[in-house]
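One structure is given here, and the rest of the page talks about it.
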Amino acid sequence: MGRPDPEEGQLPAPVKPPDGGWGWIVLLGCFVITGFSYAFPKAVSVYFKELMKDFHVGYSDTAWISSIMLAMLYGTGPVCSIMVNQFGCRPVMLIGGLLASAGMILASFTTNIIELYLTAGVLTGLGMALNFQPSLIMLGTYFDKRRPLANGLAAAGSPVFLSSLSPLGQVLLEKFGWRGGFLIMGGLLLNCCTCGAVMRPLDMGMKRKMGKAQDKYEAKEMLPIGGKSEEGISTTDGTKKGKKGKKKPKKGKKLLDFSIFSNRGFIIYTISKFILVLGLFVPPILLVNYAKDTGVPDTEAAFLLSIIGFIDIFARPACGMVAGLKWVRPHVAYLFSFSMLFNGLTDICSARASNYTGLVIFCVFFGISYGMVGALQFEVLMAIVGSQKFSSAIGLVLLIEAFAVLIGPPSAGRLVDALKNYEVIFYLAGSEVVLSALFLGVASYCCLNRGKKEPPPENNPSAGGGSDTEEAESDVQETEEHSSNNHQPARSTDNAMVAANEEANHVAEEQSGEGGGCPAGDGEVLARDGCNADQMVERDSF
């Protein structure tokens, strides 16, 4: 049965992702937020030497600023999920932008390294976390068919901002010092508030439209015909008002949905992502020191990271376009597995690179594979859990990744100090990435494909499988909640409809006694809507 047209006084259809329109503005905001979230902790490192001189601390002490920022970005995932589910994306992002800006502004007035940890580390890191996660949720809300491309374009913000913020930070440091640089950086982070302001909820304005459509729907379907319409309307309104006091309290929305752990695909993704993060960030962190130990000059060694960033800028959107192809998108998890395998083999094969040319070749292939991983990681998660549960899923995944971030790079640094050999570290990091790729590919094929071969229960033939089915059911439930007038429960509305239909049938019987059945002028309407109250109640219940 098709869903009626709201223009004819019927219930409107669920809100669908527009895949464009205002979604491009949302994509631009997500691009900026992603750039700040991933690039800012690295760009702050240009101030470390000045901080070491002023506060009389070592490099490891100042490096904790970036570490705390990243720990807040990953570790506060569940907190962000709860806030988004409770208050929505836009308010959370506005608060996050203010916190991120306030953290850097306050950091410019600090007098010791501990105060710097609390301001630039904790406060700014928390603010960026409150922006990063909601922006991804809004992106998944506005895009469906073009979602892989949108994720790739948004992920490109990380290398673009990294290549911009680092030189800008150096210029600010030379002209204004680290305090002036922090103050200006805090002003730049206020752009996060602008990005949060454009995150307009997709269903904004739909509540009023659905309320009007519901009134028209009830008037056409329930009210008697002819001169008795006004009496029927007043009866219906009186019945609704009488039921208001008896309505049951609305069921609260889950702040954090742990039911996603019953999804086998989510479990497989989480385990593989944990193993991946253990080794993914190790090569770029140790690359510059590795190049210097092989005899490469400092300037040329630093340029290696620029090569990775430049390749990464183009790799992420390109991979998003490939993932959006019709014959690729159903198998996007395997494409993600291939990108991880490509990245891990690049680490292993480059472990013996002993000259600058070999390191440049490594940076080219690493930039391609790293960009593919960055473009696909959240797209795969959205495809597994669906947009309705993505807010809870990403929070839990980021929390689990936080432990891997705190284990992987520090452990690699200790091994370098103990073994004085970078080759072993590259082998180890590459093996971890390859292991995560093999686990994701094999587990997805063995566990998920076998489940698909089992005959599904007979349901609505138009429903899809996997997360698309869950999204469709969630959309229907959301539409039913929005369509109830004055936010009444559906059961109360049905009772009101039954009471109004009884009154309508009573009037119809009086008219039939006078005119011998349905009125002549309205017989066509009654034939469509039905003269039988039992039929009316059955359709309303459906």
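At a glance:
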| read-out | value |
| --- | --- |
| Computed magnitude of the charge dipole of the range 16-221 (debye, nearest 20; Cβ of K, R +1, Cβ of D, E -1) | 700 |
| Average Cα contact separation per residue, the range 46-123, under 8 Å, 6 or more apart, as relative contact order % | 38 |
| Surrounding net charge for residue 150, when Lys and Arg each add one and Asp and Glu each subtract one, Cβ distance under 12 Å | +1 |
| Where labels lie 7 Å past Cα in the beta-carbon direction, separation of residue 179 and residue 329 in nm | 5.4 |
| Net charge over other residues, Cβ less than 15 angstrom from the Cβ of residue 275 (K, R count +1; D, E count -1) | -2 |
| Accessible carbon and sulfur surface of the range 16-221 relative to its total accessible area, %, 1.4 Å | 67 |
| Equivalent ellipsoid semi-axes, the range 16-221, via Cα gyration tensor eigenvalues times 5, rooted, Å | 39, 17, 13 |
| Accessible heavy-atom area order of 53, 42, highest first, probe of 1.4 Å | 53, 42 |
| Residue-level accessible surface for residue 447, protein heavy atoms, 1.4 Å, Å² | 60 |
| The range 83-197 shape via C-alpha gyration tensor axes, a/c threshold 1.5 | oblate |
| Global geometry of the range 257-449, whether rounded, prolate or oblate, following the gyration tensor of its Cα atoms and the 1.5 cut on a/c | prolate |
| Pairwise FRET efficiency - residue 194 versus residue 294, Cβ, R0 = 35 Å, nearest 0.05 | 0.20 |
| Percent carbon-and-sulfur accessible area, the range 257-449, ignoring ligands, DNA and RNA, probe 1.4 Å | 72 |
| Neighbour net charge for residue 172 - beta-carbon separation under 15 angstrom, K R +1, D E -1 | +1 |
| In Å², nearest 10: area of residue 262 left accessible to a 1.4 Å probe | 100 |
| Calculated FRET value between residue 22 and residue 421, using beta carbons and R₀ = 45 Å, to 0.05 | 0.25 |
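The values are calculated or read from the model by the stated rules, or taken from the named source; none is laboratory data. On a predicted model such as this, the values are computed, not experimentally measured, just so you know. Glycine also receives a Cβ, built like all others from the backbone with ideal geometry; neighbour counts cover every protein chain displayed. All accessible areas refer to the heavy atoms of the entire protein, side chains included, with ligands and DNA or RNA removed. Shrake-Rupley method; radii C 1.70, N 1.55, O 1.52, S 1.80 Å.
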